[in-house]
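> Can you read through this structure? Questions will come right after.
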Ligand code: CDP
């Protein structure tokens, strides 16, 4: 079976939670493509050149997940992600992953539009900036980061603007994506909707 599920949307909308859960339930492999850009961003913060860092990326670079999920790395990721050459270096790996035997879920910003325009299922997961910032704030505090709610909201808005405003693969819903606004939804409700979309396609 070659089923590709593309899940896009802005920061902290719930893509990660939904992607992991549906991958587990439907027995699909999962790739959090944000981690690729975070890993490149982290290398750039450590002094590397962006395109070279993207070219030299190996799976082990994605392993220190906690270190990649900091606010500084998120901003660095969003800056390197605006570079079309960086994106080009990461394209083939993502396309190959998407078409692997057994099916795959990929979450990111441009999966349904650029990486896998032919994905069988496309979801665009959103929520208000305030709701997303609140979720991200709790997550960061829970992981021991010292941040304020105001900082997190400003970071989320800055990243939204950069990700949606760039010329290279801007964050935008594919025309055929199902929109899922999770502002007022619990995780269980959001998951129900996502599950339903996948079931309809694999029937
Ligand atoms: O987890 P969160 O939603 O905060 O962010 P992420 O998915 O880890 O992505 C970090 C950054 O990588 C985003 O702000 C984007 O700039 C970039 N990104 C991208 O450009 N394209 C993707 N497919 C995934 C992430």
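Bear in mind these aren't lab numbers, they're just calculated from the coordinates by the rules spelled out. The structure presented is a predicted model; accordingly, all values stated were derived computationally and were not measured.
> So what is the relative contact order of the chain, in percent, for Cα pairs below 8 Å that sit 6 or more residues apart?
Dividing the mean separation by the residue count of the chain yields 33 percent.
> Follow-up. Where does the chain land at 222 nm, in deg cm²/dmol rounded to the nearest 500, when only DSSP H runs of n ≥ 4 count, each adding -39500 (n - 2.57), divided by all residues?
After summing the helix terms and dividing by residue count, I get -16000 deg cm²/dmol.
> With no solvent and one equal point scatterer per Cα, compute the Debye intensity ratio I(q)/I(0) for the chain at 0.09, 0.10, 0.14, 0.19 Å⁻¹ and report its log10, rounded to two decimals.
Per q value, in the given order, log10 I(q)/I(0) is -0.31, -0.39, -0.79, -1.49.
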